[in-house]
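The values are calculated or read from the model by the stated rules, or taken from the named source; none is laboratory data. Bear in mind the structure is a predicted one, so any value in this text is a computation, not a measurement. Please note: Cβ atoms are built from the backbone with ideal geometry, for glycine as well, and neighbour counts cover all protein chains shown. Keep in mind that these areas ignore ligands, DNA and RNA; they rest on the heavy atoms of the full protein, side chains included. Shrake-Rupley method; radii C 1.70, N 1.55, O 1.52, S 1.80 Å.
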Amino acid sequence: MSLANTYARYPVEFVGGAGMWLTDAQGDAYLDFLSGIAVNNLGHCHPAVVDAVQRQAATLLHVSNLFYNEPNVTLAARLCDRSFGESVFFCNSGAEANEAAIKLVRKFRPRGDLVVALNGFHGRTYGALSATPQESKQAPFAPLVPGFRAVDATDAAAAVDADTAAVLIEPIQGESGVNVFDAELLASIRAACDAVGAALVFDEVQTGMGRTGSLWAHEQLGVVPDAMTLAKGLGGGLPIGALVIGPKLQSVFAPGDHGSTFAGGPLVSAAANVALDVIDDEAFLAHVREMGERLTEGLRELPGVVSVRGRGLMVAAEIDGPAPEIAKRALLEHKLIINATGPTTLRFLPPLITESEHIDEALNRLSAALS
Ligand SMILES: *Cc1c(COP(=O)(O)O)cnc(C)c1O
């Protein structure tokens, strides 16, 4: 196998997908409750995404950021219309969106520190990795970028001082197992930033694009950040990232400060516009909340499940057995795709188009894997 040894992959190769289902090389169908890690929020090969991508591919693929392209200009305006944003920097991934955010707040408050939360995850590039205080991910790659202060999320407000450029935090920590922060905690961090003129940046790479039952997770919290980072579900399955910049940080970047050759190209932007067409709809988001409740309640009733947490269709269950082995058994024996984020934690990130019957089927398959 000529792929670099950076992932412990399962022995499954997928060749096709439609809606909630993936098909492997043997022709077996799998029920997807992972969405390629919160990417396929519209399911696989959503007809509107396929159509927009096919048409855009035949029209214009790339021009660089020395020029405008219509799908990208439209996307930027829509993201600002539907958020606190005044402008958007585009990139190609979540890590890159966080790199842009880190550069933005450093320039905003030169030499200032970034306060980040323990168990947070912001990506694998050096700046984003330096903001990701997890020993196993950071230790082999020292020295890291200086100027990051990692604290327990409950201590983040107290850690903000006159040298703080920003707090960078996920409203719900995804990769470390769906750790839901309550609104009061995030509001206290907002207040601490305001008291010293620091910026608050939400990493909504995983929580954004409808995942928690509102377009952005922070809408349910009543806390507005000064910037937010997006990727994962933004492109309807295609790779695109974005840094949405609010009023406080709007005048920080100047031409030459940051860039990316591929970023915001017509193809990925056309796909993201379709993803917004589908997701930014109150009936669709209400459906996400309803399905999230059905999944959460169903999980609570399964034998072997100790507790369930999450919001919308971003859900984790603590179980009384070895989660990595259960996830593997679910995949290989019961054709249910889920993932383990810890020794006893299973995470569920189904496509947001899931219907009740898919939830019930996933619960049946999981129940079989657990017994
Ligand atoms: C996945 C993720 C990232 C990194 O995104 P990549 O596209 O893999 O670089 C950053 N932040 C959060 C919250 C994520 O879930």
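Some values worked out for this structure:
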| quantity | calculated |
| --- | --- |
| Residue match in the stretch 44-67 (condition: within 16 Å of the ligand (Cβ to nearest atom), open to solvent by 20 Å² or more (accessible area, probe 1.4 Å), not assigned by TED's automatic domain parsing to the domain that holds His122 and not charged (D, E, K, R)) | no |
| Given (1) polar (S, T, N, Q); (2) within 14 Å of the ligand (Cβ to nearest atom); (3) more than 22 Å from Leu243 (Cα to Cα), index of the condition Thr154 fails | (2) |
| Filtered residues of the stretch 211-238 (kept if more than 11 Å from the ligand (Cβ to nearest atom), buried (at least 24 other Cβ atoms within 10 Å of the Cβ) and among the polar types (S, T, N, Q)) | Thr212 |
| Candidate set: the stretch 23-43, residues that are open to solvent by 30 Å² or more (accessible area, probe 1.4 Å) and in contact with a Leu (Cβ under 8 Å, 6 or more places away or on another chain); chosen: the one farthest from Thr207 (Cα to Cα) | Ala29 |
| Residue within the stretch 248-268 that is farther than 30 Å from Ser367 by Cβ, assigned to a strand (DSSP E or B) and of a type in the set (A, V, I, L, M) present | no |
| Residue within the stretch 203-210 that is within 15 Å of the ligand (Cβ to nearest atom), on the phi < 0 side of the Ramachandran plot, free of Cβ contacts under 8 Å to residues at least 40 places away in the same chain and not basic (Lys, Arg) present | yes |
| Test set (1) more than 15 Å from Leu238 (Cα to Cα); (2) exposed (fewer than 14 other Cβ atoms within 10 Å of the Cβ); (3) outside the structural domain of Pro324 (by TED's automatic domain parsing); (4) away from the ligand (no atom under 16 Å from the Cβ) - Thr74 fails condition number | (2) |
| Residue match in the stretch 263-286 (condition: within 27 Å of Leu60 (Cβ to Cβ), open to solvent by 10 Å² or more (accessible area, probe 1.4 Å) and charged (D, E, K, R)) | yes |
| Out of Val205, Val151, Val160, Val145, sole residue that is surrounded by 24 or more Cβ atoms within 10 Å (Cβ to Cβ) and over 30 Å from His287 (Cβ atoms) | Val160 |
| Given (1) in contact with a Ser or Thr (Cβ under 8 Å, 6 or more places away or on another chain); (2) in the same structural domain as Val145 (by TED's automatic domain parsing), index of the condition Leu79 fails | (1) |
| Residue tally, condition away from the ligand (no atom under 11 Å from the Cβ) and assigned to a loop (DSSP other than H, G, I, E, B), over the stretch 100-151 | 14 |
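Let's see how each residue does on (1) open to solvent by less than 50 Å² (accessible area, probe 1.4 Å); (2) outside any strand (DSSP E or B):
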| site | (1), (2) |
| --- | --- |
| Thr296 | yes, yes |
| Gly310 | yes, no |
| Ala317 | yes, no |
| Ala327 | yes, yes |
| Leu331 | yes, yes |
| Glu357 | no, yes |
